[in-house]
1. In the set Val148, Val133, which member is at pLDDT 95 or above, out of contact with any Phe, Trp or Tyr (no Cβ under 9 Å at 6 or more places or on another chain), open to solvent by less than 10 Å² (accessible area, probe 1.4 Å) and under 27 Å from Asp71 (Cβ atoms)?
2. Against the conditions (1) open to solvent by 40 Å² or more (accessible area, probe 1.4 Å); (2) charged (D, E, K, R); (3) part of a loop (DSSP other than H, G, I, E, B), where does Asp73 fall short? Just the number, please.
3. I need a count of the residues in the range 1-43 that are part of a loop (DSSP other than H, G, I, E, B) and among the aliphatic types (A, V, I, L, M).
4. Inspect the range 44-57 for any residue being within 16 Å of the ligand (Cβ to nearest atom), touching a strand residue (DSSP E or B) at 6+ places or on another chain (Cβ under 7 Å) and assigned to a strand (DSSP E or B) and give the result as yes or no.
5. Taking the options Leu204, Leu171, Leu140, name whichever one is under 24 Å from Leu118 (Cα atoms), open to solvent by 80 Å² or more (accessible area, probe 1.4 Å) and more than 16 Å from the ligand (Cβ to nearest atom).
6. Just to be sure before I move on: is Asp156 touching a strand residue (DSSP E or B) at 6+ places or on another chain (Cβ under 8 Å) and charged (D, E, K, R) in the structure I sent?
7. Kindly establish whether Leu117 is open to solvent by 10 Å² or more (accessible area, probe 1.4 Å), in a helix (DSSP H, G or I), aliphatic (A, V, I, L, M) and out of contact with any helix residue (DSSP H, G or I) (no Cβ under 7 Å at 6 or more places or on another chain).
Amino acid sequence: MSLQPDFIHEFVPGTSNRTLLLLHGTGGNERDLIPLVRGLDSRAALLSPRGKVLENGMPRFFRRVAEGVFDLDDLKKRTNELADFVAAAAQHYGFASDKVVAVGYSNGANIAASMLLLRPKTLRGAVLFRAMVPLVPESLPDLSSVCVWIGAGSEDPIIPTSETQRLVELLRSAGADVTIRFARAGHGLSNDDIITARDWLKKLGTP
Ligand code: MLT
């Protein structure tokens, strides 16, 4: 594994032991979520990579065939690549690799969920805004020490409620402690999402 993190990224040192891994949505970049997550946790270090896949010029974390239809080979490859990047970045910047919590939105939440399922040791927890089931792994990982908060939109035109429930059930069947919250919102984030995710992160404690 290369020690040099090989994604375009931002790293912002923190004053607690926690590192938030920020994963933007389609068309975003490494700077997008930084102001938002400062409202979630003002003390954590931030590691924010830019997705390497371009869809009509828009950065993403993995390829898709159509909206909600994923290229599973690419997803698996990109998930491993991202997990390796997080491990390399922990060595490079000197943050604790066992205290990383992902904060992902849409495409970023989907690759975070994929990391939970395929590379479960990468994340201590995850805040997933507008996530779907990225894939169903051949065997379930042990997520019994992982806490996940899922923020769904009750009027999301892209992600039906049943899809959110499927993700909750998949993660719970792997042993994860999952909190699900429906905001009265669409695919975009609402204030309610931010406030409830912030309160959940506070309860998770600052390592
Ligand atoms: C995805 O491709 O990950 C989902 O369709 C969400 C999106 O990016 O629009």
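The values are calculated or read from the model by the stated rules, or taken from the named source; none is laboratory data. Model, not experiment: these values are computed from the prediction. For neighbour counting, all protein chains shown are included, and Cβ atoms are generated from backbone atoms with ideal geometry for every residue, glycine included. Calculation scope for accessible area: heavy atoms of the full protein, side chains included, ligands and nucleic acids excluded. Shrake-Rupley method; radii C 1.70, N 1.55, O 1.52, S 1.80 Å.
1. None of the others qualify; the one that does is Val148.
2. (3)
3. 5
4. Yes, some residue in the range 44-57 is within 16 Å of the ligand (Cβ to nearest atom), touching a strand residue (DSSP E or B) at 6+ places or on another chain (Cβ under 7 Å) and assigned to a strand (DSSP E or B).
5. Matching residue, one of Leu204, Leu171, Leu140: Leu140.
6. no
7. No; evaluated as a whole, the condition is false for this residue.
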